[in-house]
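Okay, so here's the structure we're looking at.
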Amino acid sequence: MLNFQVKSPGKIILHGEHAVVYHKPALAAVVGVGTTLKFQKTTEDSSKVSFKLEALNTNFEIDIASFNAFLKRCRSKFSEYKLDNAVQLLEEVRLELAKQQDETIDLGSPKKQQTQKAFISIYYLLAGAILSSPVKDLELQQPFTITIDTELNIGAGLGSSASYGAALASAFLAYAQHFDLTNYKDEENQQLISLWAFESERVMHGTPSGIDNTVCTYGGMLRFVKGQGFQPVKILRPLHILLVDSKVKRSTADIVAKVRHLGETFPEVINAIWNACEALVNTAIPLYENFGTCQDDSEKFEKLEQLFQINNDLMKAIGVTHPKLEQIFSIAFKRGFFSKITGAGAGGYAIVLLPENYASNEVYWKLKEELEGAGFGVHATTAGGEGLGMEPL
């Protein structure tokens, strides 16, 4: 097995956030920042495989003999393991890790809960990849070390958990010889990566929509309707955007519950907003698909700016803004840029739409300076670029 590296991007919701919960379309795109996983064979004699999670400042080890004994017990329960057995396997993993768990760990803190979920995901995906391997009775053999680092803030709406899950899934599937570094982009292999990344999302979130793992794996831009899958939006080139971190922590579940209560109180009003969100997505798609088809895209860009503004006002109408986000919008608008909430809102990130030649525009640098001076995290990147990639180290 070669040493290799996986780069798995994060994602943003361009349009349709919150409305997607109510079976309206959303438009998601990968961003040019993400998660990096390095798989390296261990040269020294060792009976364990090691995992270093830099973002959580945590290290894990799996004892090879114990893990292979677990695989043997699973094989005695599943005559032929398939993804259909995933629910049962996840339960077996939880039981196995409960036996191994250090009772001194305080799982009351959010960081400890994140750490536990990250380890369950590692154990579950590694077991699933090996049990479903085309190589009969495959086991863990030589030791290896996996190091995972990310540019994505955890829990900020940029798909950090899906990016992590897709990186893990691709590494373990390659290790279990489902594919190699030359054919991982074949359709059936990308589908397999996305399916196992979704399983990691189930560990992290319980009932994920499926949009994050899909867009992180495939890349580009996707139209997604809950329960109906996704359709790729064929763009000619990625958009330029500015990611602005409000540095306000929030709970997506709490925000979604608050919006649901608003819809139950004013159903006609809120349903009209969801219908407007759907119309906005349908209007935006041809603009994105045709952006870059002619030398002067200024008219299309102005329309996208207007849609950003409308989208943001619709999100404000359902109460998911925050004073810090309003400060970002005000600074951007003052400099002639259009911005919007992305994801759940009430904190997290805003995105600012940037023109093609933004780096040579003095006003952009003043915008960046003012946002940073106000204490916000700022990162210029793209939306709609490449999906997950693997390469030898």
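The values are calculated or read from the model by the stated rules, or taken from the named source; none is laboratory data. Note that the structure is predicted; figures quoted are calculated from it, not measured. A quick note on method: Cβ atoms are made from the backbone with ideal geometry, for glycine too, and the neighbour counts reach across all protein chains shown. For the accessible areas, the whole protein counts, side chains as well, though only heavy atoms, and no ligand, DNA or RNA atoms are used. Shrake-Rupley method; radii C 1.70, N 1.55, O 1.52, S 1.80 Å.
Restricting attention to segment 2-30, and to residues there that are in contact with a Gly (Cβ under 6 Å, 6 or more places away or on another chain) and under 18 Å from Ala169 (Cβ atoms), which single residue is surrounded by the most Cβ atoms within 10 Å (Cβ to Cβ)? Going through the qualifying residues, I end up with Ser8. State yes or no: is Lys334 in the same structural domain as Asn275 (by the TED database) and without any contact (Cβ under 8 Å) to a residue 60 or more places away in the chain? It is true that Lys334 is in the same structural domain as Asn275 (by the TED database) and without any contact (Cβ under 8 Å) to a residue 60 or more places away in the chain. Which residues, taken from segment 126-149, are closer than 30 Å to Ala344 by Cα and buried (at least 23 other Cβ atoms within 10 Å of the Cβ)? Result: Ile148, single match. The residue that is surrounded by the fewest Cβ atoms within 10 Å (Cβ to Cβ), counting only those in segment 341-381 that are among the polar types (S, T, N, Q) and touching a residue at least 12 places away in the same chain (Cβ under 8 Å), is Thr381. Quick check: anything in segment 249-272 closer than 20 Å to Gln309 by Cβ and in contact (Cβ under 8 Å) with a residue 60 or more places away in the chain? The answer is no; no qualifying residue exists.
The condition (being among the hydroxyl-bearing types (Ser, Thr, Tyr) and modelled with pLDDT of 95 or more) is satisfied by just one residue among Thr207, Thr147: Thr147. Restricting to segment 127-156, give me the number of residues that are in a loop (DSSP other than H, G, I, E, B), touching a Lys or Arg at 6+ places or on another chain (Cβ under 8 Å) and more than 17 Å from Gly377 (Cβ to Cβ). Number of matching residues: 4. Residues in segment 331-340 that are at negative phi, over 25 Å from the mean Cα position of the chain (by Cα) and not β-branched (Val, Ile, Thr): Ala332, Phe333, Lys334, Arg335, Phe337. If we keep just the residues of segment 157-210 that are assigned to a helix (DSSP H, G or I) and among the β-branched types (Val, Ile, Thr), which is surrounded by the fewest Cβ atoms within 10 Å (Cβ to Cβ)? Filtering first and then ranking leaves Val203. In segment 1-31, the residue that is farthest from Glu264 (Cα to Cα) out of those that are touching a Ser or Thr at 6+ places or on another chain (Cβ under 8 Å) and of a type in the set (S, T, N, Q) is Gln5.
Restricting attention to segment 211-236 and to residues that are open to solvent by less than 20 Å² (accessible area, probe 1.4 Å) and assigned to a strand (DSSP E or B), the residue that is farthest from Gly10 (Cα to Cα) turns out to be Val225.
Applying the set (1) closer than 29 Å to Thr145 by Cα; (2) touching a Pro at 6+ places or on another chain (Cβ under 8 Å); (3) modelled with pLDDT of 90 or more; (4) not hydroxyl-bearing (Ser, Thr, Tyr) to Leu2 leaves exactly one unmet item: (3). Residues of segment 39-78 that are more than 24 Å from Glu92 (Cα to Cα) and either hydroxyl-bearing (Ser, Thr, Tyr) or not assigned by the TED database to the domain that holds Phe172 (or both): Thr42, Thr43, Ser46.
Only residues that are open to solvent by 20 Å² or more (accessible area, probe 1.4 Å) and either in contact with a Lys or Arg (Cβ under 6 Å, 6 or more places away or on another chain) or touching a residue at least 60 places away in the same chain (Cβ under 8 Å) (or both) were counted across segment 31-43, and they come to 6.
Within segment 104-128, residues that are over 23 Å from Asn85 (Cβ atoms) sit with their Cβ atoms under 7 Å from residues that are hydroxyl-bearing (Ser, Thr, Tyr) and modelled with pLDDT of 75 or more, at 6+ positions apart or across chains, in these pairs: Thr115/Thr58. The criterion of at least 3 residues that are touching a Phe, Trp or Tyr at 6+ places or on another chain (Cβ under 7 Å), modelled with pLDDT of 90 or more and under 30 Å from Gly385 (Cβ atoms) is met by the following strands (runs of 3 or more DSSP E) wholly inside segment 18-80: 26-41. I want to confirm something. Restricting to segment 5-17 and keeping residues that are under 15 Å from the mean Cα position of the chain (by Cα) and either of a type in the set (Gly, Ala, Ser) or not in a strand (DSSP E or B) (or both), which single residue is modelled with the lowest pLDDT? Residue satisfying both the conditions and the ranking: Glu17.
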